[in-house]
Amino acid sequence: MDTKSRKYNKVGYSGYCIICCLVVVLITISLLSGSIFAATEDMQWIDGYETMDHYYFGEITDAARHEAIMNISGWVMLGTGVAAVAGLIAALVMTGRFVTDEEGKPDLNWFDRIWSEVHLAGGIAAGTLAGAMLEIYYQFWMQGMYLKIWNWYNNYDLSESLAPNVEFVFLLIMQALAVGTALACLITLCKKLKAREFWEKSLLGGIYFMIVRGIKNSSNTLFKVVIILIIGAFLCSTWIGLPVVLVLIVYYVPKICKQFDEIKTGVTEVKNGNLEYKIPVNCDAKGFKSDLGRLASDINDISQASNIAIQNELKSQRLKTDLISNVSHDLKTPLTSMISYVGLIKQEGLDSPNAPEYLDIIDQKTQRLKTLTEDLFEAAKASSGAVPVNMEDIDLSSLITQTLVEMEETLEARNLQVHVKNLCEDTHIRADGQLLWRVLENLMGNIAKYALEGSRVYINLSEHMLRGSEQILLEIKNVSKDELNISADELMERFKRGDESRTTEGSGLGLAIAKDLVKMMNGVFEISIDGDLFKASVMMEKAKLTASADKEDTESTDSTESTESTEE
């Protein structure tokens with residue numbers, strides 16, 4: 001079965017089918033009226049002859065009727081013939097327009113995929129049969145049947161097997177079928193030409209492409225060259241094969257030389273550092289490549305892989321530079337404060353009234369330094385994948401509730417209202433509970449630090465399908481207190497914050513850690529920014545709770561309730 005998507009215009013295709021049927025009817029009428037015209041014209045030339053030298057002999061019995069029938073049949077033959085030709089041209093122009101594949105080419109059905117030679121032979125045979133039936137019609141009219149204008153002197157009946165009426169209807173149906181078959185073969189050949197598959201869908205073309213593609217797919221270049229040269233040498237020894245070899249040389253050699261020059265140019269570009277240069281790769285209709293085509297494709301893949309590796313290395317070097325700079329800055333700030341206040345304590349002594357305040361500040365900076373060191377260590381572990389992951393079925397809704405309860409005081413201190421909307425019937429997912437709780441803690445901590453005070457925070461749960469698997473999507477949205485003049489990708493980099501002044505207590509590692517932890521649990525983590533609106537999305541695979549497990553839980557619950565009722 002063809003798996004390609006099809007574009008089907010039902011109205012246009014119906015009109016196209018009506019035109020094709022009308023063409024068959026017009027051609028049949030034109031052939032029938034043509035046989036009548038030929039017979040009536042011959043009647044006036046052999047009228048009165050009674051010699052046996054002529055196969056048909058007789059006389060016209062009604063001259064006026066004879067002349068009227070001859071004129072009418074002539075005009076009908078001419079009119080239907082012109083109309084049939086016009087309809088045929090319209091049908092051939094419309095062929096393949098209303099049922100197309102995903103590339104816009106005519107969609108070929110099972111009949112169209114038959115060898116082109118069969119369609120060609122079938123069309124010629126059907127057309128010959130339709131023309132041969134004209135002789136039988138001619139016999140009907142010359143025997144005096146139906147027209148009632150001719151008295152046939154010969155007593156020999158040309159149609160002895162069937163009654164004349166039955167035979168006439170049978171021949172008329174057969175002629176319509178022959179005309180329809182010839183038209184179907186002609187339309188199929190036209191459709192193949194429009195789809196550029198006439199040669200490929202033929203027997204000879206199939207054999208040719210099978211040999212050529214077999215040679216192309218062979219990895220033994222020496223074998224292919226030797227075989228081609230031997231075959232060419234044998235063909236050149238005959239006067240018929242020499243023109244064929246010359247045509248093939250004129251057709252293929254320039255293409256091969258052109259592709260070789262393109263590969264040479266591509267290699268030069270890559271050697272000079274232009275890793276984004278792509279060598280044109282030629283494929284046939286089935287996607288088969290020649291040896292040079294595969295070589296060009298491999299060079300493109302190598303340059304692309306090298307370009308990606310270089311870009312990743314540049315990004316890694318930039319991140320390392322940022323890491324050193326940011327770590328130095330974030331570690332230096334609390335250390336400088338600690339050194340300053342320790343110096344003040346040394347100068348003023350522990351008996352100084354400012355000593356307790358100095359100690360509190362030193363304690364705060366110590367805790368800040370500890371938190372930063374722990375976040376840095378955790379970010380390194382999450383990035384390297386060294387964190388153990390224990391996947392299990394957990395209830396995401398319950399975990400969110402637990403996180404909100406633990407951070408209730410922090411959120412209330414910023415006067416943040418949290419609205420939870422659950423659109424899922426079941427919120428069980430496959431994840432590591434500890435790691436996912438760390439992700440939620442990072443996200444809610446990020447909101448507590450950077451959300452606009454007195455604003456609302458929205459947490460939504462919904463079900464989605466991703467690559468054929470059921471997923472639970474968690475979305476957390478809030479409005480930032482500072483202007484987010486940074487992209488989402490940059491915000492997820494390490495040591496990036498929404499406030500570039502770096503006046504908040506955040507380390508800039510929370511989102512990076514959350515992304516790495518979600519990735520380790522086979523989930524998807526994304527953030528998006530729309531003005532001052534910040535949205536974090538976490539998508540995790542839904543747990544597959546079997547019906548049997550639910551049934552066992554229900555039976556266990558019913559059994560427990562029954563036992564308690566009995567004890568009472």
**Report entry** Residue that is modelled with the lowest pLDDT, among those in region 512-550 that are small (Gly, Ala, Ser) and part of a strand (DSSP E or B)
**Finding:** 528
Report task. Would you be able to tell me the number of residues in region 420-436 that are open to solvent by 60 Å² or more (accessible area, probe 1.4 Å) and either touching a Gly at 6+ places or on another chain (Cβ under 8 Å) or part of a helix (DSSP H, G or I) (or both)? Result -> 1
Query raised in the report: Just checking, which of 351, 363, 375 is farther than 17 Å from residue 521 by Cα, in a loop (DSSP other than H, G, I, E, B) and at pLDDT below 90?
Result: 351
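One line per residue, one yes/no per condition, for (1) in a loop (DSSP other than H, G, I, E, B); (2) open to solvent by less than 70 Å² (accessible area, probe 1.4 Å); (3) among the hydroxyl-bearing types (Ser, Thr, Tyr):
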{"position": "65", "(1), (2), (3)": "no, no, no"}
{"position": "75", "(1), (2), (3)": "no, no, no"}
{"position": "80", "(1), (2), (3)": "no, yes, yes"}
{"position": "92", "(1), (2), (3)": "no, yes, no"}
{"position": "102", "(1), (2), (3)": "yes, no, no"}
{"position": "113", "(1), (2), (3)": "yes, no, no"}
{"position": "127", "(1), (2), (3)": "no, yes, no"}
{"position": "135", "(1), (2), (3)": "no, no, no"}
{"position": "147", "(1), (2), (3)": "yes, yes, no"}
Query raised in the report: Which residues, taken from region 185-221, are aliphatic (A, V, I, L, M), out of contact with any helix residue (DSSP H, G or I) (no Cβ under 8 Å at 6 or more places or on another chain) and either surrounded by 19 or more Cβ atoms within 10 Å (Cβ to Cβ) or at pLDDT 85 or above (or both)?
Result: 193, 195
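Residues are listed down the side, and each one gets a yes or a no for (1) modelled with pLDDT of 80 or more; (2) over 20 Å from residue 43 (Cβ atoms):
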| position | (1), (2) |
| --- | --- |
| 125 | yes, yes |
| 129 | yes, yes |
| 135 | yes, no |
| 139 | no, no |
| 146 | no, no |
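Confirm whether residue 496 is surrounded by 15 or more Cβ atoms within 10 Å (Cβ to Cβ), of a type in the set (D, E, K, R) and at pLDDT 90 or above.
no
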Query raised in the report: Checking residue 265 against (1) modelled with pLDDT of 75 or more; (2) under 32 Å from the mean Cα position of the chain (by Cα), which single condition isn't satisfied?
Result: (2)
Query - Residues of region 402-419 satisfying the condition of being closer than 17 Å to residue 438 by Cβ and open to solvent by less than 80 Å² (accessible area, probe 1.4 Å) - result: 403, 404, 407, 410
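The values are calculated or read from the model by the stated rules, or taken from the named source; none is laboratory data. Since the structure is predicted, the reported quantities are computational estimates derived from the model, not experimental observations. Note that we place each Cβ from the backbone using ideal geometry, even for glycine, and neighbour counts take in every protein chain shown. These area figures cover heavy atoms from the full protein model, side chains too; ligands, DNA and RNA do not enter into them. Shrake-Rupley method; radii C 1.70, N 1.55, O 1.52, S 1.80 Å.
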